[in-house]
Structure formats: C-alpha cells, structure tokens
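Asker: Dropping the structure in here first, questions after.
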Amino acid sequence: MTSIQPDIEEVLPAGGASARRVARHGHGVVVRLVSIALFAAIWEIAGRIPVSFAFPTFSSTVAALFGLMADGSLFKAYLSTLQPLVLGVVLSTFIGVGVGTLCGLWRPGEWLLIPVFIVLQAAPVAAFIPLVTFVYGIGITAKTLAVMILALPVIVLNTYKAVRNVNASLLTMCRSFLGNKRQEIFKIVLPDASPVIFAGLRLGVAAGFVGVVLAELLITPTGIGDLITYHRSRAGYAEMYATIASIIALSTLTLVALQWLETQIFRPEKRGR
C-alpha cells in the first residue's frame, strides 16, 4: 500500500491542474451568461418604465430582430454593408503591415509617415467623411476609404511598435550567423513581432466596423445604415435597436473569434486560461 502512494501523488497534480482549468473556464462561462441575463433584465425593466417613448423593451427588440431576419431585410442589408467592410479591412491589413514594417526598419520612413498616422488616429474621423464623399462620390469607394481611415492608423502604429521592439538578442544572433537583411526580416523580425501585429489587426477590424457604420449613416443610407435611418424615420424603434444590436453582436463575435485565433497561433501560453 505504501509503495502505491507516491504514484498516486504524482498523478494527482496534473489531473488537479486540468480540473482547475475546466472549473475556471466553466466559472467564466457562467459569469458571462449571468452578465448577459442581467443586462437583458435591466433593459426590459427600463423599457417597461419607460425611460423614453423611443426606448423599446428587450423582448420587443428581440421580436423585431427575428422579424427583420424573417423578411430578409437584415441579410440584404448585411450583404451591402460587408462589401466595403471586408474590402477596407483587407486593404488596410496589407498596406498597414507593409507601411508599419517599413517605418519600423527604416528611420526616414518613421520620421516621414508615423506622425501622419498619429494625427489620423487622433483626428475626429467623421469630419473627413464629407470630404471623402465630395472627392469620390457616394459609392463603395468612398465607404471603403472611410473604413480604411479608421482601421489603417491602428494597424500601422501597432506594426511599427512591434517591429521597433523586436528582441535585440535575436537580431544579434541572426547577424552572428551571417544572416542577410531578407533573412533578418522574414525569419526574425516578422515572426517575433507577429503577436502584436495580429493584435493590431484585431483592433483594426473593430475600427473598421465603426467606419462602415459611420459611412452608411453619413455618406448614403444603404445597408445597415439604411435600416437604422428608415426605422428611425417611421418611429420603428424596436427595429432600429434590433439593427444596432445586430451589428454590435456581429462585431463582438468577430473580435472574439480573432482573439481565440490569436491565442491559438501566437500566444500558446494563454491557452486554457
């Protein structure tokens, strides 16, 4: 009996750690569900008081959401909205990572370009949208540019910071093994900077959602912006709130998926937390 005891003690810590991770994960899910339920209850109470005649209850908003999905208007609106969003985010990703890497590796590029993107990030973007409309009209080009105006500075600045703060010992090792500049960039700089770059892409996608909604509200009422404007004009507040809630839910799910992907690929130390 005494000889078996040490083996049991060796097995228990690993199993105990796994059980604790499962318990923490389950606890996190329960907390999130309780938070959502509490938010829905407060919304329902506020709508029944009511705090405003234009503030619907949570139940009527959910019913309106199902109604918009049933008649196909919500899916038709997203078909229009997602085109400039996806195009703007993809262009911002390629341009932003390229420009940010250039600025991080080339000091004149840093001096010339980084102040511009800092100003763009700090500027009130809504003020630029009428100018974009004046130059490019009210089509998909203007909406794509509106997405890029918000997403591009975030991606460029995060990429620039990631490249500038690459581990110096890795660069020294590469040079000591007579690695050329191309090998230094593609085998050391970009792999080491990739977690922060991907985090910047995630923030860029969030900014892109803001940009596309602003574009559809300020440039021309199409897609999600058209649904919001139309139901507001006819006092269909439940439908208006349902449309707004749907774009918030879509952006949240997209960011959660990107965060999970970031953890799985670039941050294995955070798995299971």
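Asker: Considering the dipole of the chain built from charges on the beta carbon (Lys and Arg +1, Asp and Glu -1) around the Cα centre, which of L38, L112, Y160 is farthest to its positive end?
Answerer: Ranked along the dipole, the leading option is L112.
Asker: Once the piece of chain linking I118 and W260 is laid out straight, how much longer is it, given 0.36 nm per residue of separation minus the C-alpha distance between them? Provide the component values of the computation, followed by the final result.
Answerer: Values: separation 142, 0.36 × 142 = 51.12 nm, distance 2.84 nm.
The I118-W260 span can extend by a further 48.3 nm.
Asker: Here's something else I'd like to know. Compute the distance in nm between two label points, each set 7 Å from the Cα along the Cα-to-Cβ direction, one at V30 and one at S194.
Answerer: 3.8
Asker: What shape does the chain have by the C-alpha gyration tensor, where a ≥ b ≥ c are the square roots of the eigenvalues, rounded means a/c under 1.5, and otherwise prolate means a/b greater than b/c and oblate the rest?
Answerer: Numbers: a/c = 3.05, a/b = 1.16, b/c = 2.63.
It comes out oblate by the Cα gyration axes.
Asker: Mind putting a number on the dipole of the chain about its Cα centre? Charges go on the C-beta only, +1 for Lys and Arg and -1 for Asp and Glu, and I need it in Debye to the nearest 20. Intermediate values should be presented prior to the final figure.
Answerer: Numbers: 21 positive and 13 negative charges, 95 e Å.
In total the dipole reaches around 460 debye.
Asker: Here's another thing I want to ask about it. Ranked highest first by average number of other Cβ atoms within 10 Å, how do 233-246, 136-149 line up? Please list the in-between numbers first.
Answerer: Details: 233-246: 18.9, 136-149: 20.9.
In descending order of packing, they fall as 136-149, 233-246.
Asker: Suppose each label sits 7 Å from its Cα in the direction of the beta carbon; what would the Q183-R107 distance come out to in nanometres?
Answerer: Going from the Q183 label point to the R107 one covers 2.6 nm.
Asker: Measuring from label point to label point, each 7 Å out along Cα→Cβ, what is the I95 to R164 span in nm?
Answerer: So the label points at I95 and R164 sit 2.2 nm apart.
Asker: If you don't mind, there's one more thing I want to ask. Using the Cα centre of the chain as origin and beta-carbon charges of +1 (Lys, Arg) and -1 (Asp, Glu), tell me which of A77, P56, G208 is placed farthest towards the positive end of the dipole.
Answerer: G208
Asker: Output the peptides 96-108, 37-49, 207-219 sorted from most to least packed, where packing is the average of other Cβ atoms within 10 Å over each peptide's residues. Let's see the in-between values first.
Answerer: Working: 96-108: 18.8, 37-49: 13.3, 207-219: 23.5.
Ranked by mean Cβ neighbours within 10 Å, highest first: 207-219, 96-108, 37-49.
Asker: From the residues Y241, I228, V189, which one has its Cα farthest along the dipole of the stretch 136-251 in the positive direction, the dipole being from +1 and -1 charges on Cβ of Lys/Arg and Asp/Glu about the Cα centre?
Answerer: Of Y241, I228, V189, it is V189.
Asker: If you don't mind, there's one more thing I want to ask. Cα-based count: Lys pairs in the chain below 26 Å, eight or more positions apart or different chains?
Answerer: Details: K76/K143; K161/K181; K161/K187; K161/K270; K187/K270.
So the count of such lysine pairs works out to 5.
Asker: Something else: Give the carbon-plus-sulfur fraction of the accessible surface of the chain in %, rounded to a whole number; probe 1.4 Å, heavy atoms of protein chains only. Walk me through the intermediate numbers first.
Answerer: Numbers: 11420 of 16160 Å².
Carbon with sulfur: 71 percent of the solvent-accessible area.
Asker: Same structure again: Specify the residue with the greatest mean-square fluctuation among R164, R32, R202, computed from a Gaussian network of the chain linking alpha-carbon atoms under 10 Å apart.
Answerer: Checking each option, the largest mean-square fluctuation is seen for R32.
Asker: Could you give the size of the charge dipole of the stretch 164-273 about its Cα centre, using +1 on the Cβ of each K and R and -1 on the Cβ of each D and E, expressed in debye and rounded to the nearest 20?
Answerer: Values: 12 positive and 7 negative charges, 104 e Å.
So the dipole magnitude of the stretch 164-273 works out to roughly 500 debye.
Asker: Determine the gain in length on full extension of the stretch A63-Q83; use 0.36 nm per residue of separation and subtract their C-alpha separation, reporting nm with one decimal.
Answerer: Details: separation 20, 0.36 × 20 = 7.20 nm, distance 2.72 nm.
Between A63 and Q83, full extension yields an extra 4.5 nm.
Asker: Roughly how many Å² is the accessible area per residue of the chain, as a whole number, for a 1.4 Å probe? Before the final figure, lay out the partial values.
Answerer: Numbers: 16160 Å² over 273 residues.
Averaged over the residues of the chain, the accessible area is 59 Å².
Asker: To the nearest Å, what is the center-to-center distance of the stretch 161-209 and the stretch 115-148, using C-alpha atoms only?
Answerer: After rounding, the separation between the Cα centres reads 29 Å.
Asker: Looking at the square roots a ≥ b ≥ c of the eigenvalues of the Cα gyration tensor of the stretch 131-273, which shape do they give, rounded for a/c under 1.5, prolate if a/b is larger than b/c, or oblate? Could you put the intermediate results ahead of the total?
Answerer: Details: a/c = 5.05, a/b = 2.06, b/c = 2.45.
In terms of gyration-tensor shape, oblate.
The values are calculated or read from the model by the stated rules, or taken from the named source; none is laboratory data. Small disclaimer: the values here were computed from a predicted structure and weren't measured. Positions of Cβ are generated from backbone atoms using ideal geometry, with glycine treated the same way; all protein chains shown enter the neighbour counts. For accessibility, only protein heavy atoms count, side chains too; no ligands or nucleic acids. Shrake-Rupley method; radii C 1.70, N 1.55, O 1.52, S 1.80 Å.
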